[in-house]
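First up is the structure itself, then whatever we jot down about it.
The values are calculated or read from the model by the stated rules, or taken from the named source; none is laboratory data. Everything numeric in this text was worked out from a predicted model, so none of it was measured. Methodologically, a virtual Cβ is constructed for each residue, glycine included, from the backbone with ideal geometry; neighbour enumeration extends over all protein chains shown. Just so you know, the surface numbers come from the protein's heavy atoms only, side chains and all, with ligands and any DNA or RNA stripped out. Shrake-Rupley method; radii C 1.70, N 1.55, O 1.52, S 1.80 Å.
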Amino acid sequence: MITRRNALILGAGGLLAGCDRFTNDPWLLSAEDAHRFLQRSITGRAAKAREFRAEQRSPFFRTNGTANPNTPEYEALAAGRFADWRLKVDGLVARPLSLSLAQLQSMPQRAQITRHDCVEGWSAIGKWQGPRLETVLDLAGMRDTARYLVFHCADLLGGRPYYESIDLVDAFHPQTILAWALNDRYLSVGHGAPIRLRVERQLGYKHAKYVMRIEAVASLAGIGGGKGGFWEDVAGYEWYAGI
Ligand SMILES: Nc1nc2c(c(=O)[nH]1)N[C@H]1C(S)=C(S)[C@@H](COP(=O)(O)O)O[C@H]1N2
Ligand SMILES: [Mo]
């Protein structure tokens with residue numbers, strides 16, 4: 001997995017070579033992407049990602065990265081259909097939380113049909129459902145010093161814990177949800193059961209699967225390799241992976 005990505009990044013002669021849709025220069029964009037670029041500069045980060053109709057969903061939604069964390073702890077949780085799984089919310093919050101899947105499911109829910117764009121060059125459209133991250137953060141109460149949220153995952157990739165982080169603009173964005181369902185079914189293990197982050201304005205690697213803990217922090221410096229995410233640390237991917 002890492003070897004394939006390394007080959008892609010190092011061997012292909014530069015980061016994202018050939019993927020002109022990721023450039024920041026509007027003159028190099030296709031008409032559709034140029035329009036989106038201009039729209040984005042007018043509406044800013046509060047703009048919503050495009051949503052689709054039910055019949056536009058992809059017949060097959062592939063998995064990528066870890067398809068099963070395969071640790072004894074995760075196996076035990078999965079064997080019990082995640083009844084004993086708890087989402088920890090801690091760090092710079094007024095009230096640290098430990099939430100069951102049932103509690104997350106009993107909160108107000110948001111469903112959205114969006115397109116997942118992986119940096120490796122594939123996309124898929126699916127319907128995601130779960131509570132808004134904002135609902136959970138309001139329960140915990142963010143302290144004034146919190147600037148980022150770190151998503152700690154159950155899996156290791158190449159021996160390193162997968163993690164990701166976002167800032168508070170994306171944390172409170174209306175389409176940022178903790179999804180437990182894909183296409184009206186419980187998430188499969190491959191797609192990140194029991195919950196995965198959906199942060200629709202950013203590329204696929206930001207959408208942490210197997211989330212175990214959400215930590216509110218003032219700085220990303222002390223976490224992992226310090227660059228705010230697994231791929232940011234190991235391959236120099238952008239921390240803000242906007243699309
Ligand atoms: N915990 C964890 N989250 C992860 C990954 C991973 O390997 N581990 N891979 C990322 C990447 S690169 C992508 S494209 C998506 C893939 O999500 P999917 O398997 O549901 O298609 O998950 C992201 N989140
Ligand atoms: Mo990806």
**Q.** Complete set of residues in the stretch 198-217 that are more than 7 Å from ligand 1 (Cβ to nearest atom) and not charged (D, E, K, R)
**A.** Val199, Gln202, Leu203, Val211, Met212, Ile214, Ala216, Val217
Q) If you go through the stretch 174-197 one residue at a time, how many are farther than 16 Å from Pro69 by Cα, part of a loop (DSSP other than H, G, I, E, B) and open to solvent by 10 Å² or more (accessible area, probe 1.4 Å)? A) 4
Q | Residue list for the stretch 217-243, filter: touching a residue at least 60 places away in the same chain (Cβ under 8 Å) and acidic (Asp, Glu) | A | Asp233
Q: Looking only at the stretch 50-100, count how many residues are among the hydroxyl-bearing types (Ser, Thr, Tyr), within 16 Å of ligand 2 (Cβ to nearest atom) and within 30 Å of Arg147 (Cα to Cα).
A: 1
Q) Which one of Glu232, Glu200, Glu238 is within 15 Å of ligand 2 (Cβ to nearest atom), open to solvent by 40 Å² or more (accessible area, probe 1.4 Å) and either out of contact with any helix residue (DSSP H, G or I) (no Cβ under 6 Å at 6 or more places or on another chain) or outside any loop (DSSP other than H, G, I, E, B) (or both)? A) Glu238
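Looking only at residues that are surrounded by 19 or more Cβ atoms within 10 Å (Cβ to Cβ) and of a type outside the set (D, E, K, R) in the stretch 160-173, which one is nearest to ligand 2 (Cβ to nearest atom)?
Across the stretch 160-173, the extreme among qualifying residues is Tyr162.
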Q) Yes or no: Leu149 within 16 Å of ligand 1 (Cβ to nearest atom), in contact with a strand residue (DSSP E or B) (Cβ under 6 Å, 6 or more places away or on another chain) and under 30 Å from Phe52 (Cα atoms)? A) yes
Q) Is it true that Ser100 is touching a Lys or Arg at 6+ places or on another chain (Cβ under 8 Å), of a type in the set (S, T, N, Q), assigned by TED's automatic domain parsing to the domain that holds Leu182 and more than 21 Å from Tyr186 (Cβ to Cβ)? A) no
Q: Taking Ala218 as the residue in question, decide whether it is over 14 Å from Arg110 (Cα atoms), in contact with a Ser or Thr (Cβ under 8 Å, 6 or more places away or on another chain) and open to solvent by 30 Å² or more (accessible area, probe 1.4 Å).
A: yes
